[in-house]
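These notes concern the structure reproduced below.
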Amino acid sequence: MSSTATTRTATTTPSTADSIEIDPQSLLVSVPAGKTLDALETALAARGFTLGVALDLAGPRDAATGSAGGITIGDWLANGAPGAASVFADPADHLLAGLEATLPDGQRLEIRPGPRRAVGPDLTALAIGTQRRLASVELAWLRIHRRDARRPAMPLPEGVDLDPPVSAEEARLVDAIARELAKR
Amino acid sequence: MPESLESLARAFPDVRTSEDAADRVAYSRDLWPRHHLAVRAGNVGEHRPAGIVWPTTTDEVSRIVRWAHDTGTPIVPFGAGSGVCAGVLPQKDIIVLDLKKMTKWRALDERARTLDVEAGQMGLPLEEDLNRRGFTLGHFPSSILCSTVGGWVAARSAGQCSGMYGKIEDMVLALECVTGTGEIVNLRHRTSGPNLIPLVIGSEGTLAIVTSATLRLHEAPKTRAFAGFSFPTTEHGWEAMRAMFQAGLRPAVSRLYDPFDAMLARRGSVKKDGADSGGTPGLGAAALRSVLRRPGAINELLDGAFGSKMLGGSLVVLIFEGDGDGPQRDMEQARALFETMRAKYEGEGPARKWLLHRYSVSYRQAPVFAAGLFSDTMEVAAPWSKLRALYDGVRRALGEHVFVMAHLSHAYPDGCCIYFSFAGTAAKGKDVPKGAGWDERSEITYDRAWKAAMAAAIEAGGTLAHHHGVGRSKAPRMAHELGAGGVDVVRALMRAFDPKGILNPGNLLPPPSPAPYIDDAHPTQIREVST
């Protein structure tokens with residue numbers, strides 16, 4: 001990955017505000033970007049749900065408490081949501097159903113939660129794994145699971161590289177997108 | 001020869017091009033039903049391109065796009081032309097770039113179960129060739145006989161087995177494409193860095209021309225389990241589907257038909273040999289035209305409790321597939337769940353029959369148009385918590401203007417797609433222009449129905465399209481779908497990928513001001529972009 005493609009522009013300050021909103025019918029939760037993963041998981045567990053993320057893989061442990069999942073939702077998504085199941089494991093499911101984000105020029109982007117859509121480019125891709133260069137998540141609609149529910153799994157065979165290095169032409173495109181988003 | 005094509009032919013003497021009138025008519029549209037109304041009215045090939053070019057390699061695509069970039073010539077990439085949203089609408093200065101000469105399998109990795117295949121590969125031969133090697137892609141759009149890999153990617157296609165294998169965006173590991181500058185870029189799926197593939201999928205030829213895709217494969221299923229279940233109402237049916245998906249069951253096929261659609265499925269309007277019975281569902285064209293003049297009353301009658309009871313309730317068709325007894329065990333679990341939710345088991349018949357005739361429905365449209373009517377479909381989606389509002393809102397909005405029925409055939413743990421099918425006839429009344437002909441009045445009904453339905457979908461918190469895409473038919477509504485910020489972002493993406501705006505201009509988003517588009521009407525949009 002080129003250095004320009006990875007430059008982190010900010011981090012999300014952790015917040016203890018319990019402002020999550022659960023849609024139990026749709027198994028979705030809306031969570032502010034400042035909430036930490038373990039705080040979200042604790043809140044979900046109290047209601048019989050889980051995010052289904054391997055917290056140990058999600059990011060560095062909380063410096064103060066040493067707990068896994070101390071990373072904020074905003075930072076976690078900016079890093080590409082490590083610890084979440086591969087998108088290929090259950091093709092009928094997905095992690096991020098919608099979001100509210102701030103763009104490089106300060107404008108807001110809102111993608112309403114939806115199971116799937118075909119309305120042009122999937123703009124949530126601007127916010128996942130891009131280290132906030134293209135969009136910074138303020139609020140995310142994430143898929144949750146009942147703690148006792150079966151989790152289907154159709155993993156890809158071992159050896160399929162799901163994390164290849166960013167090529168020069170991809171990095172150029174990311175730079176071009178960042179430039180265009182910033183100058184609107 | 002049009003100037004742009006002459007210049008192209010001179011620059012690439014070894015690449016096949018055509019300015020033939022028949023070719024230009026053939027490439028002047030996709031299968032947007034509103035085009036069919038225009039054709040029926042005698043306006044054949046109103047939007048003819050300057051010509052068509054058939055590259056055979058990515059390098060040729062790149063050189064052609066670079067030439068187009070340098071000369072400012074707009075290009076429309078073309079697969080099999082089966083889109084239904086006016087994603088293809090050329091003008092006389094546009095070159096159509098048909099990718100169907102690019103059909104090679106570049107790399108089949110049987111161990112990793114991936115296939116790198118060129119964008120012009122047609123759907124059905126791809127699946128059949130994979131089956132012969134023991135694999136399946138798991139992608140079965142109704143258009144599989146007349147659509148390409150590149151078209152699937154461009155429009156964010158969904159197949160009949162999305163419940164198990166996902167949509168096309170869930171199958172793509174890598175894309176090779178050519179941007180608007182002619183640069184060849186290879187985009188890879190990536191979990192801990194930028195992943196640009198989701199931006200190109202669904203961009204409908206406006207960001208880049210997809211030349212090949214690396215797709216995930218699965219072992220071809222060895223066993224299947226079939227079942228049909230009836231429910232008192234459509235809502236009972238979708239609540240059962242929700243429970244099934246949220247319990248972790250993943251049927252390859254799960255289709256819920258509303259009572260009228262279920263009645264057609266039970267009666268079987270498709271012949272045993274697979275041929276369509278033709279015409280419209282058991283009624284004469286004249287009688288149907290008469291009935292469709294009062295769609296509101298009919299819709300109200302059939303959609304109510306009385307109609308549901310009279311028609312035998314809704315119908316869910318399930319097919320699980322896989323290996324060994326896994327599908328049967330999953331079916332037993334689904335059946336146990338359904339039977340706690342007022343389901344009545346109807347045996348394997350409905351599901352087996354559906355599988356036998358899975359592609360027949362696409363061939364029912366032509367007789368409808370031939371009878372002087374029109375038909376179309378609208379596929380909206382929402383989280384489960386908004387599904388009732390979406391179903392009621394869109395159904396009511398459409399039902400004011402056309403006869404409407406629905407089925408739900410793409411379900412997920414967090415929501416579902418509703419697929420409305422509708423048929424209508426010529427508008428009448430004081431507000432219809434005097435002297436307007438039958439087809440012009442049919443266009444009025446068509447536009448009124450779409451306008452009302454799209455507004456209702458947004459109002460209910462749904463999305464305008466689940467798998468047909470946007471094209472030019474929904475472009476004027478994209479600001480309602482994405483917000484002003486989202487539309488600006490898409491424009492920024494277009495500038496980043498295609499600085500001169502030569503790739504399928506006017507598609508996906510209405511052009512910036514001054515625009516030939518008006519907010520939400522089709523006729524002005526179409527006629528004013530025609531030159």
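The values are calculated or read from the model by the stated rules, or taken from the named source; none is laboratory data. For clarity, every value in this text was computed on a predicted model and none was experimentally measured. Glycine also receives a Cβ, built like all others from the backbone with ideal geometry; neighbour counts cover every protein chain displayed.
Would you call B:Ser421 more than 15 Å from B:Ala297 (Cα to Cα) and out of contact with any Phe, Trp or Tyr (no Cβ under 7 Å at 6 or more places or on another chain)?
yes
Condition check ((1) in a helix (DSSP H, G or I); (2) modelled with pLDDT of 95 or more; (3) more than 10 Å from chain B (Cβ to nearest Cβ)) across all residues:
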{"position": "A:Leu44", "(1), (2), (3)": "yes, yes, yes"}
{"position": "A:Pro60", "(1), (2), (3)": "no, no, yes"}
{"position": "A:Ala68", "(1), (2), (3)": "no, no, yes"}
{"position": "A:Trp76", "(1), (2), (3)": "yes, yes, yes"}
{"position": "A:Gly98", "(1), (2), (3)": "no, yes, no"}
{"position": "A:Pro104", "(1), (2), (3)": "no, no, no"}
{"position": "A:Ala118", "(1), (2), (3)": "no, yes, no"}
{"position": "A:Ala125", "(1), (2), (3)": "yes, yes, no"}
{"position": "A:Arg132", "(1), (2), (3)": "no, yes, yes"}
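Step by step: first the residues of region B:462-482, then only those that are of a type in the set (A, V, I, L, M) and assigned to a helix (DSSP H, G or I), then the one that is farthest from the other protein chains (Cβ to nearest Cβ). Which residue is that?
Per the criteria, the residue is B:Ala479.
Could you give every pair whose Cβ atoms fall below 6 Å, whose first residue belongs to region A:160-184 and is more than 7 Å from chain B (Cβ to nearest Cβ), and whose second residue is outside any helix (DSSP H, G or I) and not aliphatic (A, V, I, L, M), counting only separations of at least 6 or pairs across chains?
Within 6 Å, the pairs are A:Ala171/A:Ser2; A:Ala178/A:Arg133; A:Ala182/A:Pro104; A:Ala182/A:Asp105.
For region B:6-13, indicate whether the set of residues that are crowded, with 18+ Cβ neighbours inside 10 Å, over 30 Å from B:Arg441 (Cα atoms) and not assigned by TED's automatic domain parsing to the domain that holds B:Ala426 is non-empty.
Within region B:6-13 (the criterion being crowded, with 18+ Cβ neighbours inside 10 Å, over 30 Å from B:Arg441 (Cα atoms) and not assigned by TED's automatic domain parsing to the domain that holds B:Ala426), the answer is yes, since at least one residue qualifies.
Residue-wise test of (1) more than 17 Å from B:Arg472 (Cα to Cα); (2) in a loop (DSSP other than H, G, I, E, B); (3) touching a strand residue (DSSP E or B) at 6+ places or on another chain (Cβ under 8 Å).
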| position | (1), (2), (3) |
| --- | --- |
| B:Pro49 | no, yes, yes |
| B:Ile52 | yes, no, yes |
| B:Glu60 | yes, no, no |
| B:Asp70 | yes, no, no |
| B:Ala80 | yes, yes, yes |
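Hand me the list of strands (runs of 3 or more DSSP E) wholly inside region B:160-255 holding 2 or more residues that are over 26 Å from the mean Cα position of the chain (by Cα) and either in the same structural domain as B:Arg111 (by TED's automatic domain parsing) or crowded, with 23+ Cβ neighbours inside 10 Å (or both).
Working: elements: B:172-179, B:184-188, B:208-216, B:223-231.
Hits in region B:160-255: B:184-188, B:223-231.
For region A:139-159, which residues satisfy the criterion of being more than 7 Å from every other protein chain (Cβ to nearest Cβ) and within 11 Å of the chain's Cα centre (by Cα)?
Within region A:139-159, A:Leu139, A:Ala140, A:Trp141, A:Leu142 meet the criteria.
I want to confirm something. Restricting to region A:69-116 and keeping residues that are touching a Lys or Arg at 6+ places or on another chain (Cβ under 9 Å) and hydroxyl-bearing (Ser, Thr, Tyr), which single residue is surrounded by the fewest Cβ atoms within 10 Å (Cβ to Cβ)?
A:Thr102
Which one is surrounded by the most Cβ atoms within 10 Å (Cβ to Cβ), of the residues in region B:400-417 that are away from chain A (no Cβ under 14 Å) and assigned to a loop (DSSP other than H, G, I, E, B)?
Only one residue fits best here, namely B:Val402.
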